[in-house]
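Here is the structure we will look at.
The values are calculated or read from the model by the stated rules, or taken from the named source; none is laboratory data. Keep in mind the model is a prediction, meaning the values are calculated, not measured. So basically every Cβ, Gly included, is an ideal-geometry build from the backbone, and we count neighbours across all protein chains shown.
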Amino acid sequence: MVFVFCKIIILFVLLLPAAGFGQTKVRAAYGTPSLSHVVFPLGVKAGMFSRHGLAMEPVCIAGRSINVLLSGNVQFGFTG
């Protein structure tokens, strides 16, 4: 009985759509490349975020990052 129940559970898990297992790409804005803001893009290029299961996309913006945040193009931003 337990063996049949395990088979049903395994079959159910294997037939689930894989949409729940994908990563959502998080977009983050940072301002001018300076010593205080260079850590984030270097961390993305080094794979520090993907190593922990985060798909990050750094977006370099020139000027005011609050405008990009308010428009909804990025999820968060690093400001000086």
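Per-structure values
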item	result
Within segment 55-80, considering residues that are assigned to a helix (DSSP H, G or I) and buried (at least 16 other Cβ atoms within 10 Å of the Cβ), the one modelled with the highest pLDDT	Leu69
Pair list, Cβ under 6 Å, 6 or more apart: segment 30-51 residue closer than 17 Å to Phe76 by Cα, other residue outside any loop (DSSP other than H, G, I, E, B) and among the small types (Gly, Ala, Ser)	Gly31/Ser65
Boolean, His52 is of a type outside the set (A, V, I, L, M), exposed (fewer than 10 other Cβ atoms within 10 Å of the Cβ) and at pLDDT 70 or above	yes
Some residue of segment 14-26 being surrounded by 13 or more Cβ atoms within 10 Å (Cβ to Cβ) and either of a type outside the set (Lys, Arg) or at pLDDT below 80 (or both)	yes
Residue within segment 31-44 that is of a type outside the set (Ser, Thr, Tyr) and at pLDDT below 75 present	yes
Test result for Val4, aliphatic (A, V, I, L, M), part of a loop (DSSP other than H, G, I, E, B) and at pLDDT 80 or above	no
